[in-house]
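Structure record follows, encoded as C-alpha cells.
Each value in this text was obtained by applying a stated rule to the coordinates, not by laboratory testing. What you see is a predicted model; the values in this text were computed from it and never measured. With ideal geometry, Cβ positions are generated from the backbone for all residues, glycine too; neighbour counts draw on all protein chains shown.
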Amino acid sequence: MPQVLLLSVLVFLMAQMMPGDALSGQIDPNIDPAAIEAQREKLGLNNPWYVQYVDWVGSALHGDLGQSFRHKMPVTDLIGQRLANTFWLAVATLILTYLIAIPLGITSGRYNDTLRDQLITGYTYIGFATPLFIFALVSLWVFGFKLEWFPTGGSVAPGLEPGTFPYIVSKLQHLLLPALSMALITTVNTVQYLRSEIIDTKQKDFIITARAKGAPESRVYNRHILRNSLLPLAAFLGFEITGLIGGTIFVETIYSYPGMGLLFMDSIALRDYSVVTSVVLLLGVVSILGVLLSDIILSIVDPRIRIK
Amino acid sequence: MAELQAGTPGKQEKSPSGVMILWRELARDRIALISFIFLLLVTIFVYGISLFLDQDEIVSVDLFEIHQPPSEEFWLGTDYGGRDVFGQLIIGTRNSLSIGILVTLMTGIIGVLYGLISGYFGGTVDNIMMRVVDFFLILPFLMIVIVFVAIVPKYDIFSFSLIMTSFLWMGIARLVRSKALQERELDYAQASKSLGTPERKIMFSQVLPNLSSLIIVTMTLNLAANIGLESGLSFLGFGFPESTPSLGTLLGYARNPQTLEYRWWIWVPAAVLIFVLMLSVRNVGEALKRASDSRQRRG
C-alpha cells in the first residue's frame, strides 16, 4: 500500500519537526551532557533521518509507538483504553446514522414533492449548513445542562463495576447524546443520496416492467427499488468511517468523552508529541482501510466494478 | 457552436454568457436573492464598522469587567477577560469572512490550475497527478491541520490560511480535472489544436472559460464549508489566536461548562451567526448550481 507508506513518511516528518525527542522530560538537569550525548547515540537519535525512519517504522510495526512522557507509560497502552471508547462511539454513530437515514431517505424518495418530502428535504438542507460542533454544543447545552436528560461528560459514571448491568447502562447513557448529535448531522448526506437514488430508480425501465406485470406497490418498492438503491449505501460505509474520525475530535472535545479525539487534543495541548504522532498515524491508517473497505464492498455489490 | 461564433469578430447575437445566466437564476430565486443581499449587507456592515473599531482595544483584557451580562455599555456582555463580546462578534465575523474568502480563493487557484493541467493533458501526467490527489484526500484533515498549526514556528493568519489551503485544494482539482478531461475531447478544443494553437492558450482562454460557471458554483459552496472549518478550528483553539478573534473563538469559550451553561450571551450569537452565514452562502451556491445545470433551471 503506497498510501500507507506515504502517510508514514508524512507523520514521521511531522514528528521530526516537533520540538523535543524521546529523551525530553526524562533528563535530569544534573546529568553530565556527555552522558546524555552517549544515550542519544545509543538510541539512534544521531543517525541520518532515513535510518531513523526505518527504525521508527520497524518498531511501529512491532506495536511499539514509543513512550508518552506526560503519562509515563507506553503510547500503545494509553491508546488501547481510548481506542475502545472511540470504537463504540463510532459504532453507535453509524447505527444511528443508518437508522435515521434509511427510513427518511425512503419516505422522501417514495413520496417525492409531497409535504413529507419537503419536511425531510428541509431537514437535510439545514443539516448541511450546520457545522457539527455547533450542533453538538447546542445539544449539550439543551439536553445535558438545561433538561438534564443526559450526563454532560465522561464515558461512564464513576464507581461502577465493569461488566455489571448498571455499568453497561451508564456507558450507553454517556454514549447516546454524542453519537446522536454526530449522527443527526452526518446522516443528511445519506438521506439525500438515498432520496435521489430512489427517484432515479423509480423511472427506470425495469420498474415500469414490474408495475406493468401488476406487482403490488409494496413489492415494487421493497423488492425492486430498495435492493438497487440500498446497495451503494453499503459501499459508503468505509467513507463514513473516514468522515467519523474528524467528527470524533469535535464531539469528544465537547462532551469530554475520553476517546482518541480527546486524547489527541489533550496531547497536543500538553505537547506530548509521541502520542500525537501515534494517534495521527493510527487514525490515518484506519481511514485508508476505510476507503479500501469501500472499494471492496463496491466491487462485491456492483459486478461492473472489479479490482484488477 | 456558440463558442466558435462568439470568437469571431463580426459580433453576432451571442447566447447569454455563463455569468449572466448565473446572475439571472440568482435573481429569480427569492430565498437565494435575500441570502445574497443579506450577505452583502453583513459584509459591508462588519467591514465598515470594524474601520471604526480598534481591534487592540477590544481584545485588551479588563479585569474589572469579567463575565458581565449584557448591559448598555456591553451589548452582549463580556468574556472571561472582560472583553466586549459584541465588538469581538463584529471583528470575528470580519476575520471569519476574510479567512474564508482567502482560503477559498487560494484553494480555487491551486485546484483549478492543477485540475486543468491534469485533465487537459490526460494520460500519464493525469495518472501521476491524480495519485497525489488521492493521497491528500485520505489524510485525516482536521488532525493534520491541528498538528501543523501547533508546530509551525511563526504562526499568523497567513500561515494559517496556507496550512488550510494545502489540505483543501483537492476537491476542486478533482472536479475541474474531470470536466477538463471531457472538454478537451470536444470539437472546439480539437479544432483549435489542429490549427496549431498553443496548448497554453487552449487551456486558459478556451477550456477554462467553459468551466467558469462550474468553478464559481464550487467556490461558493466551498466558501460556506471553509467558514465552517475555520470556526471549527478556532473553536478547538487551533485557528486564530485570541488576539484576532473569529466567530469560532467566541464559541470556543463555551468549552468551559460554566460559560456554556450560564453565559449564553458569549457563544449563542456567534453560533447563530455562523449558522446563518453558512446557510446564506449555501443558498446562493445552490441557486448558482441550479443555474449551471440547464435541466434544473427555474427561469
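Taking every residue in A:134-144 and counting other chain Cβ atoms within 10 Å of its Cβ, the average works out to 4. What is the angle, in °, between the Cα long axis of helix A:226-254 and the longest principal axis of the Cα atoms in chain A? Nearest 10 is fine, range 0 to 90. For A:226-254 against chain A, the angle is about 40 degrees. For A:SER299 and B:SER194, FRET efficiency with R0 = 45 Å and r from the beta-carbon atoms, rounded to 0.05? Once rounded, the FRET efficiency stands at 0.65. Modelled spin labels at A:THR114 and B:ILE128, positioned 7 Å past Cα toward Cβ, are 5.7 nm from each other. Along chain A, counting only chymotrypsin sites (Phe, Trp or Tyr not before Pro) with a DSSP assignment other than H, G, I, E or B and at most 15 other Cβ atoms inside a 10 Å radius, the longest segment between sites is A:150-308. Cβ-Cβ distance of B:ASN256 and A:ASP205, R₀ of 56 Å, FRET efficiency by 1/(1 + (r/R0)^6): the value works out to about 0.40.
What FRET efficiency, computed as 1/(1 + (r/R0)^6) with R0 = 45 Å and r the Cβ-Cβ distance, is obtained for B:PHE204 and B:VAL272, rounded to the nearest 0.05? It comes out at approximately 0.60.
Shielding of peptide A:276-289 by partners, expressed as the average count of other chain Cβ atoms within 10 Å per residue Cβ, is 3. Taking Cα centroids, how far is region A:88-125 from region A:203-231 in Å? Region A:88-125 and region A:203-231 have Cα centres spaced 21 Å from each other. How big, in percent, is the set of alpha carbon pairs in region B:187-275 lying more than 21 Å apart? Above the 21 Å cut-off, region B:187-275 has 53 percent of its Cα pairs. Listing B:ARG30, B:ARG24 from fewest to most neighbouring C-beta atoms within 10 Å gives B:ARG30, B:ARG24. Approximating the spin labels as points 7 Å out from Cα along Cα→Cβ, the B:ASP293-to-A:LEU289 distance works out to 3.6 nm.
Ordering A:VAL169, A:VAL280, A:VAL75, A:VAL251 from the fewest to the most neighbouring beta carbons within 10 Å gives A:VAL169, A:VAL280, A:VAL75, A:VAL251. Amide H to amide H distances under 5 Å link A:SER68 with A:MET73, A:VAL75, where only residues 5 or more positions off or on other chains count and H is placed in the peptide plane.
Determine the shielding of peptide B:131-141 by partner chains: average, over its residues, the number of Cβ atoms on other chains within 10 angstrom of each Cβ. Neighbouring Cβ atoms belonging to other protein chains average 6 per residue here. Structural size metrics of region A:226-285, computed from C-alpha coordinates, are Rg and Dmax of 15.2, 50 Å. According to the calculation over all Cα-Cα pairs in region A:180-253, the P(r) per 10 Å bin from zero is 17, 38, 24, 15, 6, 1 %. All distinct Cα pairs of chain A go into the 1/r average, and the inverse of that average, the Kirkwood radius, is 22.6 Å. Dividing the convex hull volume of the alpha carbon atoms of region B:107-202 by its residue count gives 104 Å³ per residue.
Three principal axis extents of region A:160-308 based on alpha-carbon atoms, in descending order, are 67, 43, 26 Å.
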